[in-house]
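Each reported figure results from applying straightforward, stated rules to the coordinates on display, with no laboratory input. These numbers were taken from a predicted model, which means no experiment stands behind them. Here the Cβ positions follow ideal geometry from the backbone for every residue, glycine too, while neighbour counts run over all protein chains shown.
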């Protein structure tokens, strides 16, 4: 996805970085738990790239936070219109299982 230059995106970067810092987690951990490539996570966390809905679900599940606390809702609502609901549920279940195994 493209880099998002709006103010909400910058708030999301700050929120996601804050959660990782507060939880004492690193991108390497998040990559392993979510199965999202490390460089992709760097772009999402540090450069404001929009995650796909599947990536957002995996990240929120791994961090045990609501998606809306980590990412701007406007971009995610658009992505939801183009995503198979079963894929989202499957990703959430997978992230939850991976998160429990990692703790």
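Going through 43, 65 one at a time, which residue ends up being touching a strand residue (DSSP E or B) at 6+ places or on another chain (Cβ under 6 Å) and on the phi < 0 side of the Ramachandran plot?
One residue alone meets the criteria, 43.
Provide a single number: the residues in the stretch 27-42 that are without any contact (Cβ under 8 Å) to a residue 12 or more places away in the chain and not in a loop (DSSP other than H, G, I, E, B).
Matching residues across the stretch 27-42 total 4.
Taking the stretch 49-70 as the region of interest, how many residues are over 8 Å from the mean Cα position of the chain (by Cα), outside any helix (DSSP H, G or I) and surrounded by 21 or more Cβ atoms within 10 Å (Cβ to Cβ)?
So the count comes out to 1.
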